[in-house]
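Reviewing the structure listed below.
The values are calculated or read from the model by the stated rules, or taken from the named source; none is laboratory data. None of the values given here were measured: they were computed from a predicted structure. A quick note on method: Cβ atoms are made from the backbone with ideal geometry, for glycine too, and the neighbour counts reach across all protein chains shown.
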Amino acid sequence: MSPIHNIWHITKYDDSYVDLFGNKLKAIIFKSIADMKAASELFDVTYEDDVNLLQRFIIDNKIKFSKNKRIVYFDIETDASIDVTADKPIISISAFDNFTQMYTTWAWRSVQ
């Protein structure tokens, strides 16, 4: 077991990997991004610690996407008329669906 097991929460540790030249590699999977970033500072060379986490999930789980991706775009409007230091309440949310080519809007206003 690696000494780094005592420092971070590790979900997988596998030292059976080799690179193209036969050099031994270790695969270490951490429970959190913070643990992974902190641990990567201990090594001179790391591989794949800069890969986007969503991309890594897609690769690891062999997820395939249809060429007809459904995309919904959101636009959130807030009340900018109030003090800029205060939290700005959401006053409307609009969504555009690329399949239906339709907009949907949810609006809110307080009844005075």
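Quick look at the values:
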quantity	calculated
So Leu54, is it modelled with pLDDT of 80 or more, in the same structural domain as Asp19 (by TED's automatic domain parsing), assigned to a loop (DSSP other than H, G, I, E, B) and not charged (D, E, K, R)	no
Test: residue in segment 4-25 that is assigned to a loop (DSSP other than H, G, I, E, B), β-branched (Val, Ile, Thr) and either modelled with pLDDT of 80 or more or out of contact with any strand residue (DSSP E or B) (no Cβ under 8 Å at 6 or more places or on another chain) (or both)	yes
Segment 32-47: number of residues that are farther than 15 Å from Asp14 by Cα and either in contact with a Gly (Cβ under 7 Å, 6 or more places away or on another chain) or assigned to a loop (DSSP other than H, G, I, E, B) (or both)	6
Asn68 vs. criteria within 18 Å of the chain's Cα centre (by Cα) and not hydroxyl-bearing (Ser, Thr, Tyr)	no
Residue within segment 66-79 that is farther than 30 Å from Ala107 by Cβ and of a type in the set (Gly, Ala, Ser) present	yes
Considering residues of segment 54-75 that are hydrophobic (A, V, I, L, M, F, W, C) and exposed (fewer than 10 other Cβ atoms within 10 Å of the Cβ) only, the residue nearest to Ile28 (Cα to Cα)	Leu54
Any hit, segment 19-41, residues being among the small types (Gly, Ala, Ser), under 30 Å from Ser92 (Cα atoms) and exposed (fewer than 12 other Cβ atoms within 10 Å of the Cβ)	no
Scan of segment 64-108 for residues that are modelled with pLDDT under 90, part of a loop (DSSP other than H, G, I, E, B) and of a type in the set (A, V, I, L, M, F, W, C), ordered by number	Phe65, Ala80, Ile82, Val84, Ala86, Trp108
